[in-house]
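K.L.:
Input: one structure, supplied below.
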């Protein structure tokens with residue numbers, strides 16, 4: 001009796017119609033592996049059994065490759081379907097991108113206006129703060145000008161007594177007396 005190698009039938013791989021997964025039934029040959037394997041008594045029987053098991057191995061490897069190819073085909077189909085849907089949504093994607101760019105430009109314009117307003121406020125605040133700081137110093141300087149004018153006048157009298165030129169000193173005195 002010669003053993004035969006039976007390929008898997010087409011029903012071994014079935015795809016469920018609605019949202020189900022792929023169900024794969026194991027081949028019958030692998031489910032019932034005899035243990036221990038009987039060994040033939042003749043050389044030609046041993047060679048025949050060797051060819052049988054090698055053929056069974058090749059068939060199992062071929063089934064495995066077939067199932068992997070089906071899985072890759074399914075993944076390719078999913079990728080192609082996604083790409084087709086993205087192409088169909090292209091007008092909406094472009095419209096959304098346009099809206100996003102317009103909103104970014106508006107945000108940048110608002111930020112720039114805010115920065116200008118902050119800079120203007122900072123300049124006004126800085127000027128008013130400087131005025132507040134300068135007022136007491138100017139009052140103090142105005143009151144101390146009289147002491148400086150008195151000191152410069154005494155120095156001018158001393159220089160005139162020595163017979164030296166006091167033109168620069170006269171200009172300085174005139175400037176202090178005006179302020």
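The values are calculated or read from the model by the stated rules, or taken from the named source; none is laboratory data. Nothing here was measured: the structure is a model prediction, and the numbers come from that model. Here Cβ is always computed from backbone atoms with ideal geometry, including for glycine, and neighbour counts include all displayed protein chains.
K.L.:
From the list 103, 169, which residue is in contact with a helix residue (DSSP H, G or I) (Cβ under 6 Å, 6 or more places away or on another chain), free of Cβ contacts under 8 Å to residues at least 24 places away in the same chain and part of a helix (DSSP H, G or I)?
P.N.:
Checking each option against the conditions leaves just 169.
K.L.:
Okay, next question. Determine whether segment 109-120 contains at least one residue that is outside any helix (DSSP H, G or I) and at pLDDT 90 or above.
P.N.:
There is no residue in segment 109-120 that is outside any helix (DSSP H, G or I) and at pLDDT 90 or above.
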